[in-house]
There are 2 protein chains.
Amino acid sequence: MKLLEERIRRDGIVRPGNVLKVDSFINHQMDIALFEEMAKEWKRRFAGKPVNKILTIEASGIGIAAIAAREFQVPVVFAKKSQSINLDADNYVTKIHSFTHGREYEVIVSKKFLGSDDHVLILDDFLANGCALLGLLEITQMAGATVEGIGIAVEKGFQEGGRLIREQGIQLESLAIVESMDAQTGKVRFRCQEKENA
Amino acid sequence: MKLLEERIRRDGIVRPGNVLKVDSFINHQMDIALFEEMAKEWKRRFAGKPVNKILTIEASGIGIAAIAAREFQVPVVFAKKSQSINLDADNYVTKIHSFTHGREYEVIVSKKFLGSDDHVLILDDFLANGCALLGLLEITQMAGATVEGIGIAVEKGFQEGGRLIREQGIQLESLAIVESMDAQTGKVRFRCQEKENA
């Protein structure tokens, strides 16, 4: 999505260690007008899919999911992260490892809000190694829900998460896929995406 | 706001110890159509205020703030919660005590996204003892920003947070104020609000 790529080029900050900061418009300050354009693009890419629920994970997926939910006219469920042991029979629980924060989290969704009738679109802001997404996929499996697709704002194409998801045959739509970046020059190179419309 | 009060009566769950669960439509599953009506009501109640930014706190404030931001046509900044010590010179940091989780958090906002030119509307899902809000107010003070008002979905009117905020002369607009609730009967009683329109 050209609009997002241009915004990343303009306002994204490349840091050593392949860190891309987009906190001025995505995950600390949120540009809601941009989120609306992203929502429209996902709606176009997932046209015809019988999505009845959007699933995301706290915290930075929530804003994107809320705005996208307007476009899809469905509710959002956000998975909660916890570091405490939670063996509640009323919840789906799985563990994920966060490389960003260097620790394990439990990811929790109440059984009340996800079941075998649900056709889920999973949304998140970032995809790198895929740990968070694989956790959400595991939770949809526990629930017996159908995953209609996954929408990501920024994918780090040089990490393995995207490949792991696509190998499962899931439609994964990342609006910007970073192929490489250079902390010295600040330059970001994106993967060319054919089905582009925006 | 009648719509929200009716929804709480229908789908809220009262638990012993004055716990009100609204996780089926506000803070785990999110009813975005309801959030849009709440956003319109805040827009009406804060009409004429020169709001240029919405400030909230992760996680459950984010969805409400994102939808309200469409109505106000402004960006959102969400404060981050952390348990790690963070003495970054680039951030405003304060400590809050969470009674819900029984521990202390640091609340963090980057100095890049809040400053003395900002006219802030603070939004959150719940107000009880007011710890989270007082933390956000402290951060706006550090930034020299002007607080134009505070919007809350559900205020527990029998706890002191609302009084503490109103005593500071800040316009606080809670869309539903619970006066009392009964875990045995499941009944919730709301404070009568005169300026009601919805």
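Can you tell me which residue among B:SER98, B:SER60 is touching a residue at least 12 places away in the same chain (Cβ under 8 Å) and either of a type in the set (A, V, I, L, M) or surrounded by 22 or more Cβ atoms within 10 Å (Cβ to Cβ) (or both)?
Just a single option satisfies the conditions, and that option is B:SER60.
Yes/no per residue for (1) within 14 Å of chain A (Cβ to nearest Cβ); (2) farther than 17 Å from B:TRP42 by Cβ:
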| residue | (1), (2) |
| --- | --- |
| B:LYS111 | yes, yes |
| B:SER116 | no, yes |
| B:ILE122 | no, no |
| B:GLY130 | no, yes |
| B:GLU138 | no, yes |
| B:GLN168 | no, yes |
| B:VAL178 | no, yes |
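Pick out the one residue from A:ILE139, A:ILE152, A:ILE165 that is surrounded by 21 or more Cβ atoms within 10 Å (Cβ to Cβ), β-branched (Val, Ile, Thr) and within 16 Å of A:SER60 (Cα to Cα).
Numbers: A:ILE139 fails: within 16 Å of A:SER60 (Cα to Cα); A:ILE165 fails: within 16 Å of A:SER60 (Cα to Cα).
Testing whether each residue is surrounded by 21 or more Cβ atoms within 10 Å (Cβ to Cβ), β-branched (Val, Ile, Thr) and within 16 Å of A:SER60 (Cα to Cα) leaves just A:ILE152.
Within segment A:9-22, which residues are over 15 Å from the mean Cα position of the chain (by Cα) and within 14 Å of chain B (Cβ to nearest Cβ)?
A:ASP11, A:GLY12, A:ILE13, A:ARG15, A:LYS21, listed by residue number.
Specify the residue that is farthest from the chain's Cα centre (by Cα); the eligible residues are those in segment B:47-60 that are small (Gly, Ala, Ser) and more than 9 Å from every other protein chain (Cβ to nearest Cβ).
The residue in question is B:GLY48.
Name, by its number, the condition in (1) modelled with pLDDT under 95; (2) within 13 Å of another protein chain (Cβ to nearest Cβ); (3) crowded, with 17+ Cβ neighbours inside 10 Å that does not hold for B:VAL93.
It fails just one condition, (2).
Restricting to segment B:32-49, name every residue that is in contact (Cβ under 8 Å) with a residue 24 or more places away in the chain and either part of a loop (DSSP other than H, G, I, E, B) or within 18 Å of A:LEU114 (Cβ to Cβ) (or both).
Residues satisfying the conditions are B:ILE32, B:PHE46, B:LYS49.
I'm trying to understand the selection: among the residues of segment B:65-76, which are under 18 Å from B:LEU34 (Cα atoms), crowded, with 24+ Cβ neighbours inside 10 Å and within 8 Å of chain A (Cβ to nearest Cβ)? Can you show your working first?
Step one: filter segment B:65-76 for residues under 18 Å from B:LEU34 (Cα atoms), giving B:65-72.
Checking the rest, the ones that are also crowded, with 24+ Cβ neighbours inside 10 Å come to B:65-69.
Answer for segment B:65-76, where residues must be under 18 Å from B:LEU34 (Cα atoms), crowded, with 24+ Cβ neighbours inside 10 Å and within 8 Å of chain A (Cβ to nearest Cβ): B:ALA65, B:ALA66, B:ILE67, B:ALA69.
The values are calculated or read from the model by the stated rules, or taken from the named source; none is laboratory data. Model, not experiment: these values are computed from the prediction. No Cβ is skipped: glycine too gets one built from the backbone with ideal geometry, and neighbour counts run over all protein chains shown.
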